[in-house]
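Student: One structure follows; several queries about it will come next.
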């Protein structure tokens with residue numbers, strides 16, 4: 001079985017007057033039908049850029065240098081623009097962080113869901129409306145018949161994000177890219193939206209690329225995780241294994257950063273000081289060929305800044321890490 | 001300071017029955033904050049958690065007098081902060097400062113960082129430009145920024161650095177209390193940890209008290225000594241952090257906790273049982289009785305008619321739920337242990 | 001532990017990109033705006049220094065009426081035999097002065113009304129906007145004509161009249177900006193730091209509201225010059241002060257027979273309005289971040 005999504009050696013750069021600056025470097029991952037991969041990292045690490053590259057929506061000035069993106073065997077970096085438009089919203093779709101601004105305020109929810117159905121699937125108005133209604137029900141919007149004719153401003157944030165999901169999944173895409181889909185939502189609503197995504201995925205077999213800066217929040221709905229730092233993948237493996245035994249110091253740092261809830265008997269003690277990763281992600285154009293994380297890394301040695309960053313090396317069958325001094329497994 | 005004083009810190013700020021209502025379309029009233037009371041002690045942190053529409057940010061703004069209070073008192077030390085005018089108000093504002101959620105929106109894009117940090121000093125202490133600049137140069141290193149940062153404009157900083165600037169600005173007048181309204185919510189986890197550690201260090205060094213508004217239970221547990229949970233404008237549970245997280249008593253608290261537990265069998269079990277469906281109703285003309293009753297799995301008729309009052313369930317731990325004593329609290333032991341028990 | 005800064009690593013505050021500085025740099029790198037600026041500078045210089053250099057009084061009769069452009073005087077004479085070039089140079093003073101002064105009046109009144117209405121809202125907003133609407137519903141040219149008729153055909157009256165009829169759009173613009181900005185967090189942050197309303201309006205909100213107001217003020221200069229031309233064309237200009245509009249108005253009856261009497265002042269007005277429009281548009285592009293390109 002060929003994977004739904006296969007990203008190989010994806011390299012994206014920014015053209016500036018002073019020359020080209022790498023944004024994403026040699027990123028590779030694969031995703032099977034019905035599976036979910038999490039792209040994790042801080043802002044500026046290239047998560048969203050990866051999503052835009054897959055969708056063929058790189059902003060002005062950014063160019064795909066090399067590499068391929070195979071969607072069900074078809075290289076979307078090489079197809080003509082018309083074919084790419086036909087794929088977008090149909091075979092692959094995307095949901096955004098801010099459901100407020102991603103919906104067109106002057107059209108009803110039903111019209112916006114229908115648009116994609118009529119465009120890509122050639123459905124008539126009646127048939128499209130029926131599918132739209134079914135989708136609103138599928139995303140568990142109460143009183144779906146009335147909501148079909150509602151305008152976006154009449155919906156709450158959580159409802160809007162459900163509408164976005166309904167729109168994105170209306171054509172039963174092979175691939176869904178979700179860019180921090182719940183950051184703008186309340187915690188209890190977040191949990192509901194993730195459950196919903198998982199449910200719909202099981203039903204439709206959609207593969208999901210989930211972009212997040214907080215792995216802990218999405219660990220239970222992802223199968224694999226790719227940790228990005230400064231445009232490079234530094235660790236890649238099954239979510240459970242990475243969570244339990246992160247091997248790259250950056251992954252380890254990210255996990256230790258968010259305070260974990262202590263409940264019941266564990267709540268009595270004094271909280272331990274929070275680990276932090278000092279400093280910042282280096283800005284574009286200030287990323288050496290050596291490990292870009294070295295200046296923030298407690299384990300860094302002279303070797304880290306003297307030599308190029310090592311390629312991803314397998315540590316266990318599916319688990320790869322790019323580090324001269326990976327963490328010991330036992331410490332986890 | 002003696003050990004006795006250390007053990008029982010004095011209150012800095014007492015909020016009594018604070019109510020903030022806004023007019024809404026059609027003659028309706030938004031009950032943003034409805035009878036909220038709490039106390040903040042010297043050098044301690046109070047966390048206020050809740051979802052959007054719970055009134056937690058309005059509470060912060062009501063305390064800061066950024067929105068007018070409909071009724072209630074905000075007592076700073078022994079004086080009514082809401083009644084102050086002129087010089088007394090300026091003097092009081094020096095002691096209570098605020099850090100906002102969005103470090104990209106809370107700094108005037110057209111002024112240099114140094115000028116922004118100096119603003120409270122110039123306005124509240126009447127310092128000259130030069131004297132204020134000197135103080136700014138001392139302040140910036142305490143929040144982890146070099147003194148030269150004073151000459152840059154906000155857009156030249158990253159999100160975390162901007163939040164450091166906001167903290168420097170809040171620190172400028174050496175306040176006793178800083179109100180942090182979702183101060184780390186807009187930041188990446190790695191940067192969030194840096195800012196949380198900074199806030200904690202400043203508290204230890206300077207004895208600053210915080211009101212820390214957040215939707216993130218993990219963050220509040222980490223930073224705060226006390227916690228208050230708000231729902232639709234009211235505090236439904238309040239108590240010392242340790243007591244709250246070892247035995248929360250309100251069904252809504254359980255829902256919040258089940259959404260925040262790290263992935264695993266415990267999370268699955270709690271979510272299945274306690275996570276509420278849907279979203280909070282509108283704070284416009286809220287229903288009578290317990291405001292959570294409509295979404296509560298444990299509600300009985302009484303909950304829909306009679307408003308529950310806060311009652312003690314443990315030392316300094318209060319809950320406003322009619323059924324707090326009757327329904328069984330969640331079991332927080334991890335999945336396997338629960339099965340063997 | 002001090003975090004590294006994104007731009008300057010060392011102490012010197014060099015390369016500090018203030019928003020205003022960035023906008024100025026963008027403005028100057030835009031050939032259209034630069035072209036407009038050059039037109040305006042040339043016109044202003046000609047109006048200021050031209051009469052002295054040329055040495056002919058615009059009201060003096062220098063020869064026969066309706067002499068076509070040629071050797072002497074180079075741009076010909078008008079219906080009274082006055083030198084057209086002298087008229088253009090001296091008339092430029094009046095026309096540009098009217099343009100800039102009434103634009104200033106427009107901005108002062110408009111910003112005063114708009115900022116107070118937008119900042120305080122409520123009853124103040126309702127009252128101030130009712131007044132604004134009242135002025136806006138009056139037909140501007142007719143209203144200006146009434147004012148000039150009432151208070152006399154004097155250049156000062158013309159200037160003030162133009163300012164008074166032109167401010168409502170600026171007031172609405174300023175109000176909209178103030179409404180938007182007053183809800184932003186940095187304004188709340190300043191209030192939490194103890195800022196009083198006057199400080200908030202002047203030091204915090206106005207600098208941020210300034211860009212669109214500056215653009216509209218620039219465009220208002222052109223509009224005012226046109227307006228003065230229209231009033232003079234209708235015979236309501238100050239007959240004792242030479243201006244481009246007056247030249248147009250006094251010679252309009254002979255336009256078909258002696259084209260140069262109206263063509264040159266018309267061209268001068270056209271150039272001045274073109275210059276201010278180009279500068280205004282370039283300002284707008286420089287200030288509007290969405291249009292900024294690397």
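Student: Does residue B:227 satisfy the condition of being surrounded by 24 or more Cβ atoms within 10 Å (Cβ to Cβ), within 14 Å of the chain's Cα centre (by Cα) and not in a loop (DSSP other than H, G, I, E, B)?
Tutor: yes
Student: Collect the residues in the range A:55-66 that are part of a loop (DSSP other than H, G, I, E, B) and closer than 19 Å to residue A:171 by Cα, keeping them in residue-number order.
Tutor: Passing the criteria: only A:56.
Student: Would you call residue B:221 assigned by TED's automatic domain parsing to the domain that holds residue B:101 and in a strand (DSSP E or B)?
Tutor: no
Student: Further question: Any residue at all in the range A:190-210 that's under 24 Å from residue A:322 (Cβ atoms), within 14 Å of chain B (Cβ to nearest Cβ), touching a helix residue (DSSP H, G or I) at 6+ places or on another chain (Cβ under 7 Å) and at pLDDT 90 or above?
Tutor: Yes, the range A:190-210 contains at least one residue that is under 24 Å from residue A:322 (Cβ atoms), within 14 Å of chain B (Cβ to nearest Cβ), touching a helix residue (DSSP H, G or I) at 6+ places or on another chain (Cβ under 7 Å) and at pLDDT 90 or above.
Student: Let me ask another. On the basis of being within 14 Å of chain B (Cβ to nearest Cβ), surrounded by 17 or more Cβ atoms within 10 Å (Cβ to Cβ) and within 25 Å of residue B:244 (Cβ to Cβ), does residue A:261 make the cut?
Tutor: In short, yes.
Student: So which residues in the range A:77-103 are assigned to a loop (DSSP other than H, G, I, E, B), free of Cβ contacts under 8 Å to residues at least 60 places away in the same chain and touching a helix residue (DSSP H, G or I) at 6+ places or on another chain (Cβ under 9 Å)?
Tutor: If the condition is that a residue be assigned to a loop (DSSP other than H, G, I, E, B), free of Cβ contacts under 8 Å to residues at least 60 places away in the same chain and touching a helix residue (DSSP H, G or I) at 6+ places or on another chain (Cβ under 9 Å), then A:77, A:79 are the ones that fit.
Student: So for the range B:53-71 (the condition being within 15 Å of the chain's Cα centre (by Cα) and at positive phi), does at least one residue qualify?
Tutor: Scanning the range B:53-71, I find at least one residue that is within 15 Å of the chain's Cα centre (by Cα) and at positive phi, so the answer is yes.
Student: Please indicate, with yes or no, whether at least one residue in the range C:205-214 is more than 9 Å from every other protein chain (Cβ to nearest Cβ), part of a helix (DSSP H, G or I) and over 13 Å from residue C:111 (Cα atoms).
Tutor: Taking every residue of the range C:205-214 in turn, none turns out to be more than 9 Å from every other protein chain (Cβ to nearest Cβ), part of a helix (DSSP H, G or I) and over 13 Å from residue C:111 (Cα atoms).
Student: Turning to a different aspect of this structure: Given the conditions (1) in a helix (DSSP H, G or I); (2) within 14 Å of chain B (Cβ to nearest Cβ); (3) without any contact (Cβ under 8 Å) to a residue 12 or more places away in the chain; (4) over 30 Å from residue C:271 (Cα atoms), which single one is not true for residue C:150?
Tutor: Checking residue C:150 against (1) in a helix (DSSP H, G or I); (2) within 14 Å of chain B (Cβ to nearest Cβ); (3) without any contact (Cβ under 8 Å) to a residue 12 or more places away in the chain; (4) over 30 Å from residue C:271 (Cα atoms), the one that fails is (2).
Student: Please list, ordered by first then second residue, the pairs with beta carbon atoms under 6 Å, 6 or more apart or interchain, first in the range A:303-332 and at pLDDT below 85, second loosely packed, with under 15 Cβ neighbours inside 10 Å.
Tutor: Final answer for the pair search is A:332/A:244.
Student: For the range B:38-55, give me the residue count where each residue is under 18 Å from residue B:253 (Cα atoms) and in contact with a strand residue (DSSP E or B) (Cβ under 6 Å, 6 or more places away or on another chain).
Tutor: Here the count works out to 8.
Here is a yes/no grid of residues against (1) closer than 19 Å to residue A:186 by Cβ; (2) assigned by TED's automatic domain parsing to the domain that holds residue B:219; (3) modelled with pLDDT of 90 or more:
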{"residue": "B:260", "(1), (2), (3)": "yes, no, no"}
{"residue": "B:264", "(1), (2), (3)": "no, no, no"}
{"residue": "B:278", "(1), (2), (3)": "yes, no, no"}
{"residue": "B:290", "(1), (2), (3)": "no, no, yes"}
{"residue": "B:301", "(1), (2), (3)": "no, no, yes"}
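Student: Restricting attention to the range B:267-288, which residues are at the interface with chain A (Cβ under 8 Å from one of its Cβ atoms), outside any loop (DSSP other than H, G, I, E, B) and surrounded by 15 or more Cβ atoms within 10 Å (Cβ to Cβ)?
Tutor: B:267, B:271
Student: Every residue in the range B:254-265 that is part of a helix (DSSP H, G or I) and either at the interface with another protein chain (Cβ under 8 Å from one of its Cβ atoms) or closer than 14 Å to residue B:232 by Cβ (or both), please.
Tutor: Selection gives B:255, B:256, B:257, B:258, B:259, B:260.
Student: For the range C:189-204, check the following and say yes or no: at least one residue is within 12 Å of another protein chain (Cβ to nearest Cβ) and in contact (Cβ under 8 Å) with a residue 60 or more places away in the chain.
Tutor: Yes: one or more hits.
Student: Still on this structure, please answer the following. Quick check: anything in the range B:237-249 under 17 Å from residue B:43 (Cβ atoms), more than 8 Å from chain A (Cβ to nearest Cβ) and in a loop (DSSP other than H, G, I, E, B)?
Tutor: No, because not a single residue in the range B:237-249 is under 17 Å from residue B:43 (Cβ atoms), more than 8 Å from chain A (Cβ to nearest Cβ) and in a loop (DSSP other than H, G, I, E, B).
Student: Now a separate question. Select from the range B:173-187 the residues that are modelled with pLDDT of 90 or more and over 16 Å from the mean Cα position of the chain (by Cα) and list them in ascending order.
Tutor: B:173, B:174, B:175
Student: Does the range A:268-284 contain any residue that is at the interface with chain B (Cβ under 8 Å from one of its Cβ atoms), in a helix (DSSP H, G or I) and on the phi < 0 side of the Ramachandran plot?
Tutor: Scanning the range A:268-284 turns up at least one residue that is at the interface with chain B (Cβ under 8 Å from one of its Cβ atoms), in a helix (DSSP H, G or I) and on the phi < 0 side of the Ramachandran plot.
Student: If you don't mind, another one. Return the residues of the range B:289-315 that are under 16 Å from residue B:326 (Cα atoms), in a loop (DSSP other than H, G, I, E, B) and more than 25 Å from the chain's Cα centre (by Cα); say none if nothing qualifies.
Tutor: Passing the criteria: B:297, B:298, B:299, B:300.
Student: Give the range B:197-212 a look and list any residue that's in a helix (DSSP H, G or I), in contact with a strand residue (DSSP E or B) (Cβ under 9 Å, 6 or more places away or on another chain) and more than 12 Å from residue B:224 (Cα to Cα), or say none.
Tutor: Of everything in the range B:197-212, just one residue is in a helix (DSSP H, G or I), in contact with a strand residue (DSSP E or B) (Cβ under 9 Å, 6 or more places away or on another chain) and more than 12 Å from residue B:224 (Cα to Cα), namely B:202.
Student: Being buried (at least 24 other Cβ atoms within 10 Å of the Cβ), assigned by TED's automatic domain parsing to the domain that holds residue B:98 and at pLDDT below 90 narrows it down to one of B:190, B:170, so name that one.
Tutor: B:190
Student: Turning to a different aspect of this structure: Mind checking whether some residue in the range A:67-76 is within 30 Å of residue B:190 (Cβ to Cβ) and in a helix (DSSP H, G or I)?
Tutor: no
Student: Continuing with the same structure: Which numbered condition in (1) touching a residue at least 12 places away in the same chain (Cβ under 8 Å); (2) over 27 Å from residue B:189 (Cβ atoms) is the only one that residue A:46 fails?
Tutor: Only one criterion in (1) touching a residue at least 12 places away in the same chain (Cβ under 8 Å); (2) over 27 Å from residue B:189 (Cβ atoms) is unmet by residue A:46, namely (2).
Student: Are there any helices (runs of 4 or more DSSP H) wholly within the range B:72-181 with 2 or more residues that are under 20 Å from residue B:201 (Cβ atoms), touching a residue at least 24 places away in the same chain (Cβ under 8 Å) and more than 8 Å from chain C (Cβ to nearest Cβ), and if so which?
Tutor: By residue number, B:129-142, B:159-171.
Student: Check off (1) within 14 Å of chain B (Cβ to nearest Cβ); (2) at pLDDT 90 or above; (3) outside any strand (DSSP E or B) for residue A:42 and give me the number that stays unchecked.
Tutor: (2)
Student: How about the range A:114-188: which helices (runs of 4 or more DSSP H) wholly inside it have at least 2 residues that are buried (at least 22 other Cβ atoms within 10 Å of the Cβ) and modelled with pLDDT of 90 or more?
Tutor: Answer list for the range A:114-188: A:125-138.
Student: Further, regarding this structure: Looking at (1) surrounded by 16 or more Cβ atoms within 10 Å (Cβ to Cβ); (2) over 26 Å from residue A:36 (Cα atoms), which is the only condition residue A:91 fails?
Tutor: Here residue A:91 meets the rest and fails (2).
Student: Does residue B:221 count as at the interface with chain A (Cβ under 9 Å from one of its Cβ atoms), farther than 24 Å from residue A:191 by Cα and more than 11 Å from the chain's Cα centre (by Cα)?
Tutor: no
Student: Of these, C:178, C:186, which one is buried (at least 19 other Cβ atoms within 10 Å of the Cβ), within 14 Å of chain B (Cβ to nearest Cβ) and farther than 30 Å from residue C:83 by Cα?
Tutor: None of the other options fit; the residue is C:186.
The values are calculated or read from the model by the stated rules, or taken from the named source; none is laboratory data. Keep in mind that what you see is a predicted model, and the values were worked out from it rather than measured. Every residue, glycine as well, gets a Cβ built from its backbone with ideal geometry; the counts of neighbours run over all protein chains shown.
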